[in-house]
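The values are calculated or read from the model by the stated rules, or taken from the named source; none is laboratory data. Not measured: the values here are computed from a predicted model. Please note: Cβ atoms are built from the backbone with ideal geometry, for glycine as well, and neighbour counts cover all protein chains shown. Ligands, DNA and RNA are excluded from the accessible area calculation, which covers all protein heavy atoms including side chains. Shrake-Rupley method; radii C 1.70, N 1.55, O 1.52, S 1.80 Å.
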Amino acid sequence: MRMLINVPETVVADALRGIAAAHPELTVDVEHRIVVRRDAPVAGKVALVSGGGSGHEPLHAGFVGPGMLSAACPGEVFTSPVPDQMVRAAAAVDSGEGVLFVVKNYTGDVLNFEMAAELAEDEGVRIAKVLVDDDVAVSDSLYTAGRRGTGATLFVEKIAGAAAEEGAPLERVEAIARRVNASSRSFGVALGACTTPAKGSPTFDLPAGELELGIGIHGEPGRERRPMMTSGEIADVAVDAVLADLDPRGPVLVLVNGMGATPLLELYGFNAEVQRVLGERGVPVARTLVGNYVTSLDMAGASVTLCEADEELLRLWDAPVATPALRWGR
């Protein structure tokens, strides 16, 4: 398998050096592996810190900046960051108004962020936490107890980040983050496996002509394998799986997310089918975002995330944001 890397051992550090060179608006600590908005801490503002294993870019470092995250902590590929990273990040961004940890529901992330919260609080930093667990495909998986955290992480970080940018107190930012997670559901499909730098070969076997419905962002097994389906057929399955669990009563935010190797040409075609299904099911769409945002290295495939959004959540979604991967309104 050909990869655009030097050696597997330095792939994360090399990427962080590249982020630093491309984005002078960020402070990138390559040694300690934290990415911080350069103007942090911002007086009078609650800070948001997230993180997880590398390989899901632009999640999370690509979402650091005004209107979204204050800091991100990248771990090794598909491996949770360690508590020292979160504690260092929290200290770097805390203005005295407190820090919200946004945690995807994977066992390593949950345990390490929990430990980091205790250590940070011992150092005088007020910490709140929100767990993202939006994946409807399976209830337990290789890396989780309960549902996995996937595409809704973007909605949580953007909307809660906007609330923090407006000066909302920690309790309010936490409540909004929890509301976004509770209002969001996701479903993913893999057309091909991903390859980690350390292994250099596919992480699971997916025979030619088959796809995996309900795949996780680390290649965890989904609900079932089927012969290859059309974009429209996949949209029927994915959207119906989400709607069966979410049952929205109002308009939704839509994220059609690529898993890393699926080109935008195909993602926009898939979005057309997702919009068709939502229209047929009578679900109004408020906003749509299409692209590679919560990826799995070079996995081919896509996921659909819906978030039922009231006027407040829509206003916060539309609020200005300026990060490497998401920017509008500034």
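In segment 191-233, how many are assigned to a loop (DSSP other than H, G, I, E, B) and basic (Lys, Arg)? Counting residues in segment 191-233 that are assigned to a loop (DSSP other than H, G, I, E, B) and basic (Lys, Arg) gives 2. On inspection, Ala116 passes the criterion of being surrounded by 24 or more Cβ atoms within 10 Å (Cβ to Cβ) and over 24 Å from Leu246 (Cβ atoms). Counting the residues of segment 73-82 that are open to solvent by 10 Å² or more (accessible area, probe 1.4 Å), assigned to a strand (DSSP E or B) and free of Cβ contacts under 8 Å to residues at least 60 places away in the same chain gives 0. Residues that are more than 26 Å from Arg172 (Cβ to Cβ), small (Gly, Ala, Ser) and free of Cβ contacts under 8 Å to residues at least 40 places away in the same chain were ranked within segment 20-72; the one that is surrounded by the fewest Cβ atoms within 10 Å (Cβ to Cβ) is Ala21. In this structure, is Val252 modelled with pLDDT of 95 or more, of a type in the set (Val, Ile, Thr) and within 21 Å of the chain's Cα centre (by Cα)? For Val252, the condition - modelled with pLDDT of 95 or more, of a type in the set (Val, Ile, Thr) and within 21 Å of the chain's Cα centre (by Cα) - is met.
The set of residues in segment 271-290 being under 14 Å from Cys307 (Cα atoms), in a strand (DSSP E or B) and open to solvent by less than 60 Å² (accessible area, probe 1.4 Å) consists of Val285, Ala286, Leu289. Out of (1) aliphatic (A, V, I, L, M); (2) in a loop (DSSP other than H, G, I, E, B); (3) surrounded by fewer than 23 Cβ atoms within 10 Å (Cβ to Cβ); (4) within 21 Å of the chain's Cα centre (by Cα), the odd one out for Ala175 is which? Of (1) aliphatic (A, V, I, L, M); (2) in a loop (DSSP other than H, G, I, E, B); (3) surrounded by fewer than 23 Cβ atoms within 10 Å (Cβ to Cβ); (4) within 21 Å of the chain's Cα centre (by Cα), only one is false for Ala175: (2). Within 15 Å of Thr27 (Cα to Cα) and in contact with a Gly (Cβ under 6 Å, 6 or more places away or on another chain) - does that describe any residue in segment 73-91? Yes, the conditions are met somewhere in segment 73-91. Has segment 144-153 got at least one residue that is part of a loop (DSSP other than H, G, I, E, B), closer than 23 Å to Arg276 by Cβ and open to solvent by less than 20 Å² (accessible area, probe 1.4 Å)? The answer is yes, given that some residue of segment 144-153 is part of a loop (DSSP other than H, G, I, E, B), closer than 23 Å to Arg276 by Cβ and open to solvent by less than 20 Å² (accessible area, probe 1.4 Å). Candidates are the residues of segment 291-315 that are closer than 12 Å to Val256 by Cα and assigned to a loop (DSSP other than H, G, I, E, B); the one that is most open to solvent (accessible area, probe 1.4 Å) is Asn292.
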